[in-house]
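The values are calculated or read from the model by the stated rules, or taken from the named source; none is laboratory data. From a predicted model like this one, the values you see are computed outputs, not experimental measurements. Note that each Cβ is placed from the backbone with ideal geometry, even for glycine, and that neighbours are counted across all protein chains shown. Just the protein is used for accessible areas: all its heavy atoms, side chains included, with ligands, DNA and RNA removed. Shrake-Rupley method; radii C 1.70, N 1.55, O 1.52, S 1.80 Å.
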Amino acid sequence: MKRSKGFSEEDKVNLRKKLCIACEKSWTKFGYRKTTIGELAKETGIATGSFYLLFEDKEELFFETFIFVQERLRNNWIAILKKSPNKQGFIEAMIALYREYQQAPFLYDFSNPDFLALLNRLNDEEREEFTNSSLSFFEYTLDYTNLKLAIPEQKAFGVLSSLLYTVTLTNTVYDQEEVFTFMLETISDQLFTEE
């Protein structure tokens, strides 16, 4: 019987990161259901059996990938807001998020049947983190601006979430990002007060 290669802790960290990167690409292109452990392992250069030395199951990888992507988005937001910790910086950060959503629909489309299939396989704690991550992301990014909400937080979050959801409108006669930017700039004065 052939033994699986043992991984050092450093190997495990590096391979987990590589698997998350491969998972994000496949998730974006094929969705949760059509992404296979075998293909991800092959792309990462490990045996399928070795995958289970790194992750308990496919869902754990997808959950970690989602957290990995959220962290990258958070870092991008912070970089933009550090340069411009004001309303214009917030608008620029929202446009950058909109572009990310265009490239990776799994980040926002929680009603998609493919996404629901994943959500149903997670434990309660993971499911709650998935569903609350957008609100906590919004709260987190507000801490990096000099802006104060002019309306209740839940309402502001709802308005911005609805606005971001326009990324799903693909058959429009006008440039959708331009429409998004126009609406964002129009409502920003009602959402925030600058101190």
In the range 164-195, anything at pLDDT below 90, open to solvent by less than 90 Å² (accessible area, probe 1.4 Å), assigned to a helix (DSSP H, G or I) and closer than 19 Å to Thr141 by Cα is listed as Leu164
Discussion item. Being without any contact (Cβ under 8 Å) to a residue 12 or more places away in the chain and surrounded by 13 or more Cβ atoms within 10 Å (Cβ to Cβ): is that true of Phe30 here?
Written reply: yes
Restricting the range 63-73 to residues that are in contact with a Leu (Cβ under 9 Å, 6 or more places away or on another chain) and within 15 Å of Lys18 (Cβ to Cβ), the one most open to solvent (accessible area, probe 1.4 Å) turns out to be Glu64
Just to be sure before I move on: is Ala47 open to solvent by 20 Å² or more (accessible area, probe 1.4 Å), in contact (Cβ under 8 Å) with a residue 40 or more places away in the chain and among the aliphatic types (A, V, I, L, M) in the structure I sent?
yes
